[in-house]
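The values are calculated or read from the model by the stated rules, or taken from the named source; none is laboratory data. Since the model is a prediction, treat every value here as computed from it, not as a measurement. Please note: Cβ atoms are built from the backbone with ideal geometry, for glycine as well, and neighbour counts cover all protein chains shown.
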Amino acid sequence: MKFPTATALLLCATTFALAAPLTEQRRARAAQRALGSRPLIPADGILDAAAGNGNNTHVQYSSNWAGAVLIGNGYTSVTGTIVVPTPKAGAGTGGRASSASAWVGIDGDTCSTSILQTGIDFTYTNGQVSYDAWYEWFPDYAYNFNGISIKAGDTVTMTVTASSKTGGTAVIQNESTGQTATHTFAAQSAALCETNAEWIVEDFESGGSLVPFANFGTVTFTGASARSGGGTVGVNGATIIDIQQGSKVFTDCGTSGSSSVYCRYIG
């Protein structure tokens, strides 16, 4: 991934909605998120498939992604709706700042050269929680949306649509407030493969390492669907992914029915 210079970080840092007007946290959070997501990173020392606590067969472990991935061809749109959680300090963080992200996207698993994605970050810092909504076309880094506020308990729908392999849109709709934010991509240098559709909770990266992973409780993507070959598909047959770091598994994810993906924090 191409990491921005310190100057670029300052230029790209934008404001985002906070639970309280914490200026220093706002600056640090924007700079941290500007580094963006990474493609799926397979976990070292893969555990047995039965290691998860859920009833689903876990076929893949990652150090940074948890959730569900459809693997196929011709995925041109992905959508899902979550209720924004209230994060807490993650296990082993000693109460330090902890973050996680929930997003939908196209590519990034079997196609690692590009990702079209949009989502919500949630952070716990010194008893305060903060949120921001963002969009990204990897390998460019993430940018925060302006003009949309996010808080715990809001119902938020995330949608990405590829109009071509080098262009498309990212849309965040806060169903609770009626606010919508949209970004249009055009002529991107990294082309999509359109072989993956994703509903993911991520431990993203900052400064070359994963940020302390927040205890997000449970995130459930409802209305989870993708467009492929001119039709709409659900999550049946998706690959289930859990986050494993070292010998510890932090999540228990799975699908429920044809249109729901859940991830529980079990760290």
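General remarks:
- Identification of strands (runs of 3 or more DSSP E) wholly contained in the stretch 163-254 with 3 or more residues that are hydroxyl-bearing (Ser, Thr, Tyr) yields 179-185, 218-228.
- Filter result for the condition that a residue is under 21 Å from Thr222 (Cβ atoms) and in contact with a Leu (Cβ under 8 Å, 6 or more places away or on another chain), over Val160, Val156, Val83, Val104: Val160
- Strands (runs of 3 or more DSSP E) wholly inside the stretch 51-144 containing at least 2 residues that are within 19 Å of Thr155 (Cα to Cα) and not aliphatic (A, V, I, L, M): 75-83, 98-106, 115-125, 128-138
- Cβ-Cβ under 6 Å pairs, at least 6 apart or on other chains, the stretch 163-189 side over 12 Å from Thr118 (Cβ atoms), far side of a type in the set (Asp, Glu) and surrounded by 17 or more Cβ atoms within 10 Å (Cβ to Cβ): Asn174/Asp154; Ser176/Asp154
- Residue-level check: of (1) of a type outside the set (Phe, Trp, Tyr); (2) at pLDDT below 95; (3) over 17 Å from Gln245 (Cα atoms), Ala68 misses just (2).
Every residue, every condition in (1) modelled with pLDDT of 95 or more; (2) in contact with a Lys or Arg (Cβ under 7 Å, 6 or more places away or on another chain); (3) closer than 27 Å to Pro42 by Cβ; (4) not charged (D, E, K, R), yes or no:
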| site | (1), (2), (3), (4) |
| --- | --- |
| Ala152 | yes, no, no, yes |
| Gly167 | yes, no, no, yes |
| Ile172 | yes, no, no, yes |
| Gln179 | yes, no, no, yes |
| Gly207 | no, no, yes, yes |
| Ala224 | yes, no, yes, yes |
